[in-house]
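Step one of this worksheet: look at the structure below.
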Amino acid sequence: MRTTGSNELRQLFIDFFKERGHPHLPQAPLVPLDDPTLLFTSAGMVPFKPYYSSPLPPPTRRAVTVQRCLRLTDIENVGITVRHATFFEMLGNFSFGDYFKREAIEWAWEFATKVLEMPADRLWPSVFREDDEAFDLWAKHIGLGAKRVVRLGEKDNFWGPAGGSGPCGPCSEIYWDQGPGVGCGRAECAPGCDCERFLEFWNLVFPQFDQAPTGERKPLANRGIDTGMGLERLAMILQGVPSVFDNDLLAPIGDAVRRMGSAKEAAGDRGRHASRVITDHMRALVFTFAEGLLPSNEGRGYVVRRLLRRAARLGRYVGIQGTFLSRLVPVVVKQMAAYEEYAFLEREEPAVAAAILEEETRFAETLEQGVARFEETAAALEKRKEKSFPGAVAFQLYDTFGFPIDLTIEMAGERGLTVDMPAYEGAMEEQRDRARKSARFGSRRDEGGAWRSLSEGPHSEFRGYDEWALDGVSIRAMRDLPAGGAGAPREIELTLDRTPFYAEGGGQVGDTGWITSMQGAAKARLRVVDTYREGDSIVHRAEIVEGTPHAGPYRAEVHAEKRAATQRNHTATHLLHAALRGRLGTHLKQAGSLVAPDRLRFDFSHGKALGPEDLHAIEGEVNSKILADLPVRTEITSLKEAQEKGAMALFGEKYGERVRQVIVEDYSRELCGGCHVRRTGEIGYMRIESEAAIAAGTRRVEALTGALAYKRAEEDRALLRELAARLGAPREQLAGRVQALQEEARRLHERQTKQSKEQLTERVLELIRKAKTKGDPPLVSASVEAASVEELRDASDLIRKGLPNGGGLLAAVIDGKLSVAASVGPEAVDRLAADAWVRDAVSIAGGKGGGKKEMAVAGAKDASRLREILERGVAFAEERLKGSKTARSAGA
């Protein structure tokens with residue numbers, strides 16, 4: 001058997017299929033392009049989904065790729081089995097309407113047994129139970145015999161679809177027999193057994209069906225082949241190591257993890273599992289952070305945050321103290337960047353390490369909060385002499401504070417408590433259900449009917465960089481969309497042979513406009529309301545305004561005013577990007593953008609807010625380049641040549657072998673397929689409207705250009721004139737005049753607050769005097785006027801000090817909401833606790849609150865029930881104090 005390293009394995013696979021007519025295509029980023037049904041690229045075929053289902057010919061009939069993938073379905077098995085990982089590389093060969101099962105099986109067998117020299121007697125194929133064709137190809141054509149081919153059910157041998165809809169079909173998997181010394185030891189053990197003996201390493205999928213979200217399956221327009229071989233598993237087999245974590249790619253990362261901790265703890269079962277999980281998750285984190293995806297509380301960002309916290313909290317089981325994940329980044333980069341397609345990691349390494357350190361540091365603080373939450377619950381249970389730790393709290397510790405359940409069980413055991421596991425598992429299952437539902441993002445484009453061809457020939461040639469109107473175009477294919485409400489126009493989607501309409505991409509919105517039949521053709525008029533890409537097709541969504549759509553010919557015309565405004569905003573976005581990097585540093589990278597006719601939005605990675613000086617400098621820099629009227633040009637080169645010239649490659653864009661650069665002379669160079677002005681002077685003027693955080697470590701700038709920016713400036717000028725007139729001061733003195741008014745308002749407020757507080761103090765002291773003469777123990781119950789909750793609390797404290805053997809309940813309406821403060825003197829707290837008192841009082845109005853037994857505050861939205869609350873409070877206090885003489889309240 002050929003012993004080889006991971007880098008050589010990638011190249012052997014690529015070269016084998018290139019020799020068989022498969023062009024080597026670049027891999028896609030982890031965030032799927034133009035596929036809102038998936039959180040991450042989870043398989044090598046994800047970028048090619050439209051190639052199988054489109055009625056139009058794909059740009060290539062064959063392909064070979066190395067694709068990085070992120071899949072969380074087996075996250076709980078990572079580190080437990082020898083084969084599971086969340087991040088992995090998939091070697092794949094593909095056919096789109098070209099060869100099918102025979103060639104796929106022949107080439108897989110040839111590569112495995114001839115190129116890799118894997119012993120044939122240790123290779124076992126499985127097929128879908130109903131797939132006689134694949135069974136016969138293995139048993140008869142390859143010659144393995146019927147006993148060596150295993151039929152399995154849909155769970156094991158029917159693949160897809162990825163994301164719940166799209167291409168799917170039966171598959172054939174190739175297993176490596178690790179020998180009878182591995183696994184369950186049963187004589188009948190075979191592929192499909194849950195044990196570790198038979199290791200599946202190559203899946204040959206035969207996409208034959210297109211599954212709708214409803215589950216309905218129809219034949220694919222381009223049935224084909226989609227294979228996926230796990231690089232990590234293949235390296236494990238060929239290198240003769242016991243797990244994927246011991247191959248040449250992952251072992252150095254795991255070694256680095258163990259060196260950071262304690263040799264003794266790392267050698268134990270718990271430490272070994274932890275180091276494997278950290279190793280796996282670190283690869284996922286380095287790639288997601290390098291692609292600009294940062295932790296957040298929803299969607300993809302939530303997954304990244306969960307992976308990081310999971311890895312960080314497991315460090316303790318290896319004996320690691322403090323933050324450590326950022327120190328593993330250079331190790332991961334060194335291991336992965338040796339492959340050419342991952343060379344970008346070296347450039348991103350400093351920014352990735354800094355961002356991971358920031359998030360891990362924040363989690364360390366959260367961990368402390370989680371310990372406090374645990375202690376609070378444990379103390380309450382001990383006080384009530386209960387032994388069952390609530391499963392809901394255990395889940396909160398896991399979900400909110402990142403506590404693994406075994407840590408909670410361990411901590412609970414130290415206090416003599418047991419965790420309510422059924423309740424915990426119930427809460428966990430609810431979360432899994434939510435995760436499964438959220439894993440499929442909704443698409444803003446409805447599912448349409450079947451595509452039908454109207455004319456033959458090439459399609460989707462984009463001519464819109466220079467031509468905004470084209471005559472003589474033909475509709476190639478069309479499909480109907482679901483009917484709208486009553487009176488809504490009929491909508492269709494269509495592709496053209498040539499089009500001036502730009503398809504949404506790179507942050508730029510899709511073009512709108514008109515498609516109108518030309519003279520001599522049957523009359524038809526279509527309003528284009530959106531343009532987007534579906535695979536290699538440019539799809540136009542249109543409303544039928546007049547006539548019935550036919551093949552053509554048509555005049556296709558972009559809405560010129562909107563396109564011109566969009567181009568201004570797109571070039572301004574490039575200028576803004578360059579200005580931000582110039583001012584804040586080259587660590588800054590784009591995290592998203594929107595380029596529309598009426599505005600631009602730019603998201604970027606940066607750890608802190610921009611000050612007024614920064615915004616002023618950045619806006620001034622952009623406008624200086626606009627005034628310089630610099631030429632804007634494009635250049636087509638190879639990706640490698642473009643990057644050598646300093647062009648910024650942005651994730652979220654799909655780059656082929658040849659790329660388009662947009663160059664603002666001597667200032668900006670980006671890879672971009674969008675539409676731009678010819679000179680920066682056409683932008684006119686750019687104005688930053690806002691800057692804010694949208695997630696941890698991610699900022700957003702919104703801006704206007706051209707006439708809209710000028711209009712906003714005019715509005716500001718008119719506002720300044722009005723303010724000057726109202727304040728009786730010229731514009732240059734407005735700031736001083738406003739400051740003087742603010743100072744005057746502050747003095748008045750302080751005076752009013754002081755008077756209010758003095759009046760409240762006098763009122764409360766009078767209530768205390770009355771209470772002392774009316775009852776034993778004395779009680780105060782009254783509605784008062786207070787400017788703030790703090791003021792109400794201070795007044796209540798007077799009662800606690802003035803009535804050592806009594807207490808008081810004060811209520812006030814503050815900012816439209818009812819606040820109630822309870823205080824109890826030191827001689828009465830054993831019988832009347834302020835926190836229980838105030839909670840009971842506001843309960844009739846749906847209020848809540850708390851505090852200590854001496855002093856507590858609660859709130860309620862319904863201020864109309866103030867008197868009822870006070871009356872209930874008096875009854876509650878009298879009941880608790882009934883052991884003494886009758887308590888009577890002094891109040892109003």
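Filter the stretch 470-497 down to the residues that are among the acidic types (Asp, Glu) and open to solvent by 20 Å² or more (accessible area, probe 1.4 Å), then identify the one that is farthest from the chain's Cα centre (by Cα). If we take residues in the stretch 470-497 being among the acidic types (Asp, Glu) and open to solvent by 20 Å² or more (accessible area, probe 1.4 Å), then Asp471 is farthest from the chain's Cα centre (by Cα).
Results for (1) of a type in the set (A, V, I, L, M); (2) touching a residue at least 12 places away in the same chain (Cβ under 8 Å), shown as yes or no for each residue.
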residue	(1), (2)
Arg259	no, no
Ala267	yes, no
His281	no, yes
Ala284	yes, yes
Ser296	no, yes
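Of Ala312, Ala235, Ala267, Ala212, which residue is crowded, with 22+ Cβ neighbours inside 10 Å and either modelled with pLDDT under 95 or outside the structural domain of Thr41 (by the TED database) (or both)?
Ala312
Taking the stretch 110-213 as the region of interest, the strands (runs of 3 or more DSSP E) fully inside it that hold 1 or more residues being among the basic types (Lys, Arg) are 150-152. Inspection of the stretch 43-57 identifies at least one residue that is over 28 Å from Glu291 (Cα atoms) and either at pLDDT 85 or above or not in a loop (DSSP other than H, G, I, E, B) (or both).
Screening the candidates Phe344, Phe324 for the property of being over 28 Å from Arg10 (Cα atoms) and touching a helix residue (DSSP H, G or I) at 6+ places or on another chain (Cβ under 8 Å) yields one hit, Phe324.
For the structure I just gave you, tell me whether Ser165 is crowded, with 18+ Cβ neighbours inside 10 Å and more than 21 Å from Trp138 (Cα to Cα). So Ser165 fits the description; yes. Residues in the stretch 297-307: is at least one over 22 Å from Glu348 (Cβ atoms), over 17 Å from the mean Cα position of the chain (by Cα) and surrounded by fewer than 18 Cβ atoms within 10 Å (Cβ to Cβ)? No. Scanning the stretch 168-193 for residues that are of a type outside the set (A, V, I, L, M, F, W, C) and within 27 Å of Ile142 (Cα to Cα) yields Gly169, Pro170, Ser172, Glu173, Tyr175, Asp177, Gln178, Gly179, Pro180, Glu188, Pro191, Gly192. Please work out if Ala312 is assigned to a helix (DSSP H, G or I) and in contact with a strand residue (DSSP E or B) (Cβ under 6 Å, 6 or more places away or on another chain). So Ala312 fails the test.
State which residue is surrounded by the most Cβ atoms within 10 Å (Cβ to Cβ) when the search covers only the stretch 538-572 and only residues that are of a type in the set (D, E, K, R) and either touching a Gly at 6+ places or on another chain (Cβ under 9 Å) or assigned to a strand (DSSP E or B) (or both). This residue is Arg568. The single condition from (1) surrounded by fewer than 16 Cβ atoms within 10 Å (Cβ to Cβ); (2) among the aliphatic types (A, V, I, L, M); (3) not assigned by the TED database to the domain that holds Gly851 that Leu765 fails is (3).
Checking the stretch 623-642 against the condition returns no match, with no residue being open to solvent by 40 Å² or more (accessible area, probe 1.4 Å), within 30 Å of Pro295 (Cβ to Cβ) and assigned to a strand (DSSP E or B). Could you tell me whether the stretch 421-436 includes any residue that is in contact with a Ser or Thr (Cβ under 9 Å, 6 or more places away or on another chain), open to solvent by 60 Å² or more (accessible area, probe 1.4 Å) and modelled with pLDDT under 90? No, the stretch 421-436 has no match at all. Residue pairs whose Cβ atoms lie under 7 Å apart, sitting 6 or more positions apart in sequence or on different chains, and linking a residue in the stretch 684-713 that is outside the structural domain of Arg601 (by the TED database) to a partner that is part of a helix (DSSP H, G or I) and open to solvent by 60 Å² or more (accessible area, probe 1.4 Å), do not occur here. The requirement of being more than 32 Å from the chain's Cα centre (by Cα), modelled with pLDDT of 75 or more and aromatic (Phe, Trp, Tyr) is fulfilled somewhere in the stretch 452-469, by at least one residue.
Return yes or no: is Gly585 outside the structural domain of Asp511 (by the TED database), more than 30 Å from Leu38 (Cβ to Cβ) and open to solvent by less than 40 Å² (accessible area, probe 1.4 Å)? Against the criterion (outside the structural domain of Asp511 (by the TED database), more than 30 Å from Leu38 (Cβ to Cβ) and open to solvent by less than 40 Å² (accessible area, probe 1.4 Å)), Gly585 qualifies.
If the requirement is being modelled with pLDDT of 90 or more and more than 30 Å from Leu9 (Cα to Cα), which of these qualifies: Leu397, Leu357, Leu407?
Details: Leu397 fails: modelled with pLDDT of 90 or more; Leu407 fails: modelled with pLDDT of 90 or more.
One residue alone meets the criteria, Leu357.
Taken together, Arg769, Arg793, Arg831, Arg763 contain a single residue that is among the basic types (Lys, Arg) and in a loop (DSSP other than H, G, I, E, B), which is Arg831. Within the stretch 491-511, the set of residues being in a loop (DSSP other than H, G, I, E, B) and in contact with an Asp or Glu (Cβ under 7 Å, 6 or more places away or on another chain) comprises Asp497, Pro500, Phe501, Tyr502, Gly506, Gly510. Checked against (1) assigned to a helix (DSSP H, G or I); (2) open to solvent by less than 70 Å² (accessible area, probe 1.4 Å), Arg362 meets all criteria but (2).
Among Asp598, Asp530, Asp603, which is in the same structural domain as Ile688 (by the TED database) and part of a strand (DSSP E or B)?
Values: Asp598 fails: part of a strand (DSSP E or B); Asp530 fails: in the same structural domain as Ile688 (by the TED database).
On inspection, the qualifying residue turns out to be Asp603.
Restricting attention to the stretch 446-470, the residues being within 19 Å of Thr512 (Cβ to Cβ) and part of a strand (DSSP E or B) number 3. Please determine, by comparing only the residues of the stretch 244-255 that are hydrophobic (A, V, I, L, M, F, W, C) and open to solvent by 10 Å² or more (accessible area, probe 1.4 Å), which one is nearest to Thr81 (Cα to Cα). My answer is Phe245.
Tell me, please, whether a residue that is open to solvent by 10 Å² or more (accessible area, probe 1.4 Å), outside any helix (DSSP H, G or I) and not hydroxyl-bearing (Ser, Thr, Tyr) can be found in the stretch 742-760. Among the residues of the stretch 742-760, not one is open to solvent by 10 Å² or more (accessible area, probe 1.4 Å), outside any helix (DSSP H, G or I) and not hydroxyl-bearing (Ser, Thr, Tyr), which makes the answer no.
Taking the stretch 80-99 as the range and being in a loop (DSSP other than H, G, I, E, B) and open to solvent by less than 10 Å² (accessible area, probe 1.4 Å) as the test, the residues that pass are Thr86, Tyr99.
Looking at Asp830, Asp776, can you tell me which residue is more than 45 Å from the chain's Cα centre (by Cα), open to solvent by 10 Å² or more (accessible area, probe 1.4 Å) and without any contact (Cβ under 8 Å) to a residue 12 or more places away in the chain?
Asp830
Of note, Pro500 does not satisfy the criterion of being outside the structural domain of Val632 (by the TED database), touching a strand residue (DSSP E or B) at 6+ places or on another chain (Cβ under 6 Å), open to solvent by less than 70 Å² (accessible area, probe 1.4 Å) and more than 28 Å from Arg601 (Cα to Cα).
The set of residues in the stretch 101-112 being of a type in the set (A, V, I, L, M, F, W, C) and open to solvent by less than 20 Å² (accessible area, probe 1.4 Å) consists of Ala104, Ile105, Ala108, Phe111, Ala112.
The values are calculated or read from the model by the stated rules, or taken from the named source; none is laboratory data. The model shown is predicted, which means the values in this text are computed figures rather than measured ones. Note: ideal-geometry Cβ built from the backbone for every residue, glycine included; neighbour counts use all protein chains shown. Please note that ligands, DNA and RNA were not included when accessible areas were found on the heavy atoms of the full protein model with its side chains. Shrake-Rupley method; radii C 1.70, N 1.55, O 1.52, S 1.80 Å.
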